[in-house]
Amino acid sequence: MGSTFIIAVVQRKGGVGKTTVAVNVAGELVRLGHSVTLIDADPQKSAFAWANPRRLRFPVRHHAYSSARITAWIKAIYTSGTDVTIIDTPGDLGSVSRTAIELADMIIMPCGPSSLDINSAKQTLDKIDELSRWPGAAMPRIVIVPTRVDAQTLEGQLIAQELAELGHDVGPVLSYDTNFVRAFAEGLTVTDFAPGSAAEHEVRDVVSFMLTPAQAQPAM
Ligand SMILES: Nc1ncnc2c1ncn2[C@@H]1O[C@H](COP(=O)(O)OP(=O)(O)OP(=O)(O)O)[C@@H](O)[C@H]1O
Ligand SMILES: [Mg+2]
């Protein structure tokens, strides 16, 4: 099998920005010169829809996960043929998310600024912890990315601090910014849709954080 660095984007809560993070991180990695495949493992096919206008600079493949075809699904990921394979998962912790967690070299967990999001983040971390305790499994690096952050609100100001208490690396925030919504509508990454924007700079900061060595000592 080919070797590819696998990044799983997971979070139990829906609508937190998993697909937005997956597409824009992929775009930034491509801009930096890496080859990237984005695997859309969500039956909703949001990433696949994003790619539909064929304007993204990397391939997006929809691989439906079926328990009868797990080996084929895993093989498709390992043989993507690119340096990096990003898996965008559904908003639950079902079989597809669990398998993606088990395969991942790195996990990105987007988290919005509300107590509901933070509770879901804790549940997601518990699941990652449980899966990484299996014999032969290793704990992947986890990067928590605060998303949809409005710095004008108290919740927005406190989110990074609250997430830091979870004992994993907390990356730079992605602010609430309509450029992310509009980029999706145009089938582009924010880098291509709004070059020079704050949104683009935030995505660059998140990726540069991902590419630097881990800071936090996992608490688990
Ligand atoms: N930083 C942001 N600022 C503003 N809107 C955002 C931001 N991130 C995501 N959104 C918007 O929020 C909605 C949900 O985002 P997204 O689809 O990325 O979440 P998701 O976690 O993948 O959802 P699902 O669990 O349904 O797959 C979309 O309309 C998206 O455009
Ligand atoms: Mg999604």
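The values are calculated or read from the model by the stated rules, or taken from the named source; none is laboratory data. In this text, all values refer to a predicted model and were calculated from it rather than measured experimentally. Reconstructed Cβ throughout: ideal geometry from the backbone, glycine too, with neighbour counts over all protein chains shown. Quick note on the areas: whole protein, heavy atoms, side chains included, nothing else; ligands and nucleic acids left out. Shrake-Rupley method; radii C 1.70, N 1.55, O 1.52, S 1.80 Å.
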Search the structure for amide H atoms under 5 Å from the amide H of Ile6, placed 1.01 Å from N in the peptide plane, and list their residues when 5 or more places away or on another chain.
Thr85, Asp105, Met106
How much net charge surrounds Leu188 when only the other residues with a Cβ under 12 Å from the Cβ of Leu188 are counted, with Lys and Arg +1 and Asp and Glu -1?
+1
Translational diffusion coefficient, Stokes-Einstein: compute it for the chain using the Kirkwood radius over C-alpha pairs as Rh, at 37 °C and 0.692 mPa s, and state it as an integer in µm² s⁻¹.
191
Just the number, please: carbon plus sulfur as a percent of the accessible area of segment 5-204, 1.4 Å probe, no ligands or DNA/RNA counted.
50
Phi-derived 3J(HN,Hα) across segment 37-43 with the Karplus relation (6.51, -1.76, 1.60, θ = phi - 60°), rounded Hz, x for Gly and Pro, is 10, 9, 9, 8, 9, 9, x
Simple spin-label estimate for Asp92 and Ile70 in nanometres, 7 Å along Cα-Cβ:
1.7
Taking every other residue with Cβ under 9 Å from the Cβ of Gln11 and scoring Lys and Arg +1, Asp and Glu -1, one gets +2
Between Gln123 and Ala214, what is the label-to-label distance in nm when each label sits 7 Å out along the Cα-to-Cβ direction?
2.5
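Let me have the relative contact order for segment 7-65, percent, based on Cα pairs under 8 Å that are six or more residues apart.
Numbers: 60 pairs, mean separation 18.4, N = 59.
Relative contact order, segment 7-65: 31 percent.
If each DSSP helix of 4+ residues adds -39,500 (n - 2.57) and the sum is divided by the residues in the chain, what number results at 222 nm, nearest 500 deg cm²/dmol?
On the way: 9 runs with 94 residues, N = 220.
Helix-only estimate at 222 nm: -12500 deg cm²/dmol.
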Counting only heavy atoms of the protein chains, get the accessible area per residue of the chain (1.4 Å probe) and round it to a whole Å² value.
47
Starting from a Cα-only point model with no solvent, please compute log10 I(q)/I(0) by Debye for segment 104-220 at q = 0.15, 0.16 1/Å.
-0.72, -0.80
